[in-house]
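A short reminder: the numbers here are calculations on the coordinates, not readings from a lab. Just so it is clear, the structure is predicted and the values come from calculations on it, not from any experiment. Note that each Cβ is placed from the backbone with ideal geometry, even for glycine, and that neighbours are counted across all protein chains shown.
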């Protein structure tokens with residue numbers, strides 16, 4: 001059995017007695033309506049940067065084939081080339097999109113950055129479908145790819161899932177090197193009688209297919225081939241033939257998808273009464289029930305010309321809804337695009353010359369677009385785009401080489417190559433057992449249906465105080481000196497809050513309890529903003545890390561990119577990429593090292609632990625407890641709430657707790673105000689300072705002492721800081737008609753960036769004005785967008 005169906009069969013003990021078509025239909029519809037998964041595409045102004053440059057991006061968020069209206073908040077995590085988190089950003093969602101930026105640190109030494117982008121709702125599902133991208137960073141010294149022995153891999157994918165005894169079977173294959181890049185090969189397939197069954201030769205991007213006319217369960221099949229990568233000869237066994245089952249072959253003819261179903265001669269009765277479902281974006285678009293009692297062959301036709309563009313999953317079941325075969329097909333209809341035009345009204349590529357570009361959307365539907373205008377000599381990565389990400393890659397597992405290729409035209413040959421992609425990649429599988437037993441996917445993260453929150457919990461007040469339902473006065477001051485006031489009621493548990501507020505950067509909140517001076521003397525507040533916190537590190541192996549370090553073709557592109565930047569720099573008269581000499585210095589103690597010396601002792605000092613300086617962490621002020629503060633901050637540490645009590649585990653074992661190095665329990669830790677804590681250490685398991693070696697690790701909390709103790713809350717008006725959305729600066733577009741400083745040299749490579757170009761029935765046209773730099777002779781205009789119906793656009797134009 002192939003690995004495509006192995007998961008379904010091994011995880012499947014089906015709910016045979018009460019399952020029905022109505023149950024399956026209603027639960028799939030519930031998935032479509034309530035649990036629809038979002039997907040994301042990011043438009044970057046460019047994809048190769050210098051240190052200290054700003055990366056500008058726009059996120060488009062879809063739900064199936066429509067703009068998503070589920071999430072109000074969007075997150076982008078930036079990691080270095082070792083997987084360590086550099087920055088966690090949060091942005092408000094506007095018209096199913098969000099804008100963002102990231103300034104590359106001036107002292108960054110890596111050759112690439114990794115961005116992981118998502119909504120909180122997306123974390124409930126397979127995280128391999130989050131948006132992941134590597135962005136290249138040019139360094140003074142471009143390291144050569146490390147040399148390694150070339151290796152090739154050949155994988156086989158029987159159509160439908162299995163090679164079945166007596167049933168003619170197509171078997172697709174994919175050949176790659178050790179970095180996931182396609183390679184070419186050729187050879188033959190033989191049975192164990194040394195008879196040639198078919199030739200094997202790659203057709204496109206390392207993919208191809210063979211046909212076994214009469215598979216025999218008593219025969220083994222082996223591919224003997226030579227790969228073009230090394231010239232070496234190889235032998236690879238095909239999957240084993242299964243005895244008796246039902247096979248499925250699919251032909252995508254454009255307007256109709258033909259499904260051919262054939263069973264082997266001897267099958268059990270439950271495999272003679274069959275059901276077929278075709279699903280796009282969790283919605284059933286076709287279903288059929290038929291029987292193969294007096295015949296072994298059935299052909300079905302699925303009308304496809306009115307279906308939305310995207311991946312259709314076709315699943316074949318026996319009488320008890322046990323899956324027998326599965327296949328995905330890409331439906332491509334022209335309805336997925338809208339086509340705005342780009343017209344250059346004024347063109348002048350002289351030094352600092354003025355240019356005017358008009359964008360016109362003939363469609364009367366509201367549209368949301370973004371535009372980047374860059375120096376065309378800078379390498380442009382066109383290997384993926386908004387079509388390939390939101391319609392193809394966002395719904396499929398595995399790496400697709402140059403996915404944009406399949407959207408360049410509608411030729412039959414391109415469709416046939418795209419079908420090879422469908423045959424050789426994984427896809428989203430439904431857990432049919434859970435669907436039949438009415439069990440929906442486990443939802444760990446609620447939808448971000450509101451923007452920022454200003455919520456809080458009061459500490460130090462007794463129950464009698466809270467039963468009086470006191471109010472709290474909040475005076476909010478943002479960094480731009482904007483001020484506002486709120487008066488909120490406090491409930492009997494000490495909580496209060498206000499949802500759907502929007503503020504950026506850090507908010508300073510002054511607070512005072514109203515009506516009772518005693519409350520201000522005894523009470524203290526912890527604020528939260530309602531946003532999601534991300535782990536500080538993630539495993540780079542969880543994403544497709546085939547990108548740069550071993551890829552000679554991409555490395556050569558980087559060298560060209562580096563040369564282009566240096567040409568621009570030479571015009572300025574000084575190289576911005578001059579070699580940097582780093583001199584070693586004696587190690588300076590970090591703040592965390594100083595805290596560790598001050599607070600930890602014995603087995604608690606040093607050690608393999610995560611360290612948190614709470615005294616300088618604004619996030620700590622917005623945490624209700626130690627557990628809410630640590631939630632998601634330590635990879636592998638699981639923090640849940642059971643019956644109102646915190647439960648903390650690591651590697652399946654309970655975590656130990658220490659307060660000032662004295663063993664305690666979770667309930668005592670939960671009641672400590674974060675304002676009383678100076679330092680937290682989370683020891684990886686096992687921790688030998690605890691009883692029994694603490695197989696679940698340990699959390700050590702140290703309360704403030706000496707100069708770390710903050711002033712008493714009752715003295716003056718108390719205040720706290722609360723983080724808001726990531727601050728966003730507007731792209732600087734110089735106006736050389738008004739101000740033209742001849743003493744500086746303009747070598748900007750991004751000449752214009754606008755993440756929000758909005759059109760509708762009354763305003764169909766947008767006019768943008770920008771000025772050239774001092775050096776560019778050819779400019780590239782890239783426009784992406786999505787309209788209210790979920791139609792997408794991608795337009796590129798060269799100005800020269």
key: Three-way shape label, the range 46-145, alpha-carbon gyration tensor, a/c 1.5   = prolate
key: Distance (nanometres) between label positions extended 7 Å along Cα→Cβ at residue 462 and residue 703   = 2.0 nm
note = Residue separation between residue 789 and residue 617 times 0.36 nm, minus their alpha-carbon distance, gives in nm 57.6 nm
inquiry  = Can you give me the convex hull volume of the Cα atoms of the range 91-233, divided per residue and expressed in Å³?
reply    = 190 Å³
task = Would you mind classifying the range 606-677 by shape? Square roots of the alpha carbon gyration tensor eigenvalues, ordered a ≥ b ≥ c; an a/c under 1.5 is rounded, otherwise it is prolate if a/b is larger than b/c and oblate if not.
result = rounded
query = Going by average Cβ neighbours within 10 Å, how do the peptides 619-626, 774-781 rank, with the highest at the top?
reply = 619-626, 774-781
note = Here the averaged projected area of the range 200-273, based on the convex hull of its alpha-carbon atoms and given in nm², is 7.2 nm²
Label-to-label distance, nm, for residues given as residue 320 and residue 745 (7 Å Cα→Cβ offset) = 7.7 nm
query = What ranking do 384-396, 518-530, 473-485, 79-91 get when scored by the average of other Cβ atoms within 10 Å per residue, highest first?
reply = 384-396, 518-530, 79-91, 473-485
request  = Evaluate E = 1/(1 + (r/R0)^6) for residue 54 and residue 479, where r is the Cβ-Cβ distance and R0 equals 25 Å; express this FRET efficiency to the nearest 0.05.
outcome  = 0.80
inquiry  = Sort 679-686, 199-206 by the packing proxy (mean of other Cβ within 10 Å over each peptide's residues), most packed first.
reply    = 679-686, 199-206
query = When the distances between all Cα atoms of the range 269-389 are binned every 10 Å from zero, what whole-number percent does each bin get?
reply = 9, 26, 22, 15, 13, 9, 5, 1
Relative contact order of the range 316-407, defined on C-alpha pairs under 8 angstrom at six or more residues apart (%) = 16 percent
inquiry  = Given R₀ = 41 Å, what would the calculated FRET efficiency be for residue 87 paired with residue 211, taking r from the Cβ atoms and rounding to 0.05?
reply    = 0.20
ask   = Label points 7 Å out from Cα along the Cβ direction at residue 777 and residue 382: separation in nm?
value = 2.1 nm
Stretch gain in nm, segment residue 594-residue 306, where the contour uses 0.36 nm per residue and the Cα spacing is subtracted = 97.0 nm
Normalised alpha carbon radius of gyration of the range 591-710 [divisor 2.2 N^0.38 Å] = 0.98
inquiry  = Taking 0.36 nm per residue of sequence separation and subtracting the Cα-Cα distance, how much length would be gained by fully extending the chain between residue 237 and residue 339, in nm to one decimal?
reply    = 31.9 nm
Cut-off 19 Å, label 7 Å out along Cα→Cβ of residue 94, residues of the range 721-753 by amide N = 724-733, 752-753
